[in-house]
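The values are calculated or read from the model by the stated rules, or taken from the named source; none is laboratory data. Here the structure is a predicted model, which means the values were calculated and not measured. Positions of Cβ are generated from backbone atoms using ideal geometry, with glycine treated the same way; all protein chains shown enter the neighbour counts.
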Amino acid sequence: MHSSENGAVHVIGAGLAGLAAAVRLAGSGRAVVIHEATMQPGGRCRSYYDQTAGMVIDNGTHLVLSGNHAALAYAKAIGGIGGLDGPDVAEFPFVDMATNARWTVRFNDSVFPWWIFDRKRRVPQTRVADYLPLARLVWTLDDKPLAEVMNCKGPLYERLIAPFFLAALNVEPPNGSAKLAGALVRETLAKGGAACRPLLAREGIGTVFVDPAITFLQERGVQIRLQHELRALRFGNGRVVQLDFGDENIALGASDNVILAVPAYAASGLMPGLQTPSVFRGILNVHFRADPPADFPSMTGIINGTSEWLFAFPGRISVTISDAAHMFNMPRDEVAQTIWKEVAKVLGLPDKLPPWQIVRERRATFAATPEQNAKRPAAETHWSNLFLAGDWTATGLPATLESAIRSGNRAADLISEGARIAA
Ligand SMILES: Cc1cc2nc3c(=O)[nH]c(=O)nc-3n(C[C@H](O)[C@H](O)[C@H](O)COP(=O)(O)OP(=O)(O)OC[C@H]3O[C@@H](n4cnc5c(N)ncnc54)[C@H](O)[C@@H]3O)c2cc1C
């Protein structure tokens, strides 16, 4: 491939980090090419039609919060934002499977957390003083396991903090990075309910984050090459000089750049000596083809159950279980039966199991512990034209869509800034 006059940018990987980088660079005067190893863009954020369930499912239900400004700006830029739905206020219903108790935590929109002072809005059986450690978390400087920074016991922890941090960090919260947990609180809770509204993709994550991006990019002349796996990077004179795709080699010109937006384990294989997070955690999702009762909230936290979060969409009910290695070797039928029993109880539906599908993502995210967080590399590399992107790079956030999209934006901006300085 020949470079355009302004230089080409080769984006390796069409996950959200790679797509965000390409969206940022599209129309910048550079030739942008995306190379994706698989047949489908989206990476760990993808929707597809599942024959067994007889419907479109997501590999995992993805929640974004209204404070995830990069994710929302990206969805708006590509025209996908209309597919995100959520309540007008930040409300989180919960059910305790052990006692069948139900309550809803209702944040107030403004920055001052007066919801904490209102018994009807805060977590039942908690006192105002219980919430103070959350404020301390925001200022955590040295990274430590959460258990060393706050009390990981008691009603507030069990009924609010643990479910949220388990979902966001994808590790048992006591072992999770206090710094990453603090970043979450700083960017959402500390900004008030206006930054905490839960948003879900009504028709699947592909329709919000992936399909519109592909249309947006194609309309701007970006080439998207699927089933085009990068096998090796060739280096010379402090830069990448060639991309090796096995059946094709692409020589890079003096102004050409590369954004490596592949998962951590793939990046470390392509860049020997690169330090990356090396411990990963799984997420399990079960999708049922069934209608939830009308007006049931789109998202419910489940305490003392096997299920952790229940998502209700028209014609589809999905359950997410984080840090789910303990479930991966259970027979699939048993998983489906166990989860459906809980779903039926929470929603008041018949016990008969509807059509279902289970998606096990074994390396869903890196384990957000202090040790793994310390291994995240910056976007810049020792090679002048090679930049890293991905939810595992040093974004200061756990492995989320927000992290992936910010990393892609940053890699694209570094290329644009470099070109400005050179000019
Ligand atoms: C089940 C599940 C549930 C989740 N839930 C949430 C949620 O609720 N909220 C949230 O914010 N985040 C959630 N996440 C995390 C979110 O999906 C990820 O943070 C994000 O999708 C990562 O994007 P990425 O671009 O960094 O990586 P990836 O999506 O992994 O993209 C990397 C791409 O590179 C490609 N690739 C790999 N090697 C090569 C190669 N050699 N050549 C070319 N291409 C290559 C891969 O095929 C892939 O398409 C969830 C993740 C999972 C798995």
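Before moving on, here are some points about what is shown:
- Of everything in the stretch 267-300 that is outside any loop (DSSP other than H, G, I, E, B) and within 18 Å of the chain's Cα centre (by Cα), the residue that is nearest to E342 (Cα to Cα) is V286.
- Among the residues of the stretch 54-64, the one identified as within 16 Å of the ligand (Cβ to nearest atom) and closer than 15 Å to A336 by Cβ is I57.
- Candidates in the stretch 159-200 are the residues that are of a type in the set (S, T, N, Q) and under 18 Å from the mean Cα position of the chain (by Cα); of these, the one that is farthest from the ligand (Cβ to nearest atom) is S177.
- Residue within the stretch 220-227 that is at pLDDT 95 or above and in a helix (DSSP H, G or I) present: no
- Of the residues in the stretch 231-244, at least one is within 13 Å of the ligand (Cβ to nearest atom), more than 16 Å from V346 (Cα to Cα), surrounded by 19 or more Cβ atoms within 10 Å (Cβ to Cβ) and not assigned by TED's automatic domain parsing to the domain that holds N100.
- The residue pairs whose first member lies in the stretch 313-325 and is in a strand (DSSP E or B), whose second member is modelled with pLDDT of 95 or more and acidic (D, E), and whose beta carbons are closer than 7 Å, counting only pairs six or more residues apart or on different chains, are T320/E308; I321/E308; S322/E308.
- Qualifying residue in the stretch 84-92 (condition: of a type in the set (A, V, I, L, M, F, W, C) and part of a loop (DSSP other than H, G, I, E, B)): yes
- Residue check for W340: under 18 Å from the mean Cα position of the chain (by Cα), of a type in the set (F, W, Y) and either closer than 27 Å to A53 by Cβ or outside the structural domain of F165 (by TED's automatic domain parsing) (or both): no
- Condition met for V359 (at pLDDT 95 or above, among the hydrophobic types (A, V, I, L, M, F, W, C), surrounded by fewer than 22 Cβ atoms within 10 Å (Cβ to Cβ) and closer than 20 Å to A167 by Cβ): yes
- Flag if V262 is within 9 Å of the ligand (Cβ to nearest atom) and either at pLDDT 95 or above or among the small types (G, A, S) (or both): yes
So that you can scan it fast, the table gives a plain yes or no per residue for (1) closer than 24 Å to W392 by Cα; (2) within 16 Å of the ligand (Cβ to nearest atom); (3) in a loop (DSSP other than H, G, I, E, B):
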| position | (1), (2), (3) |
| --- | --- |
| L19 | yes, yes, no |
| R24 | yes, yes, no |
| S28 | no, no, yes |
| G43 | yes, yes, yes |
| T52 | no, no, yes |
| Y74 | yes, yes, no |
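- Selection status of L252, crowded, with 18+ Cβ neighbours inside 10 Å, of a type outside the set (S, T, Y) and within 15 Å of the ligand (Cβ to nearest atom): no
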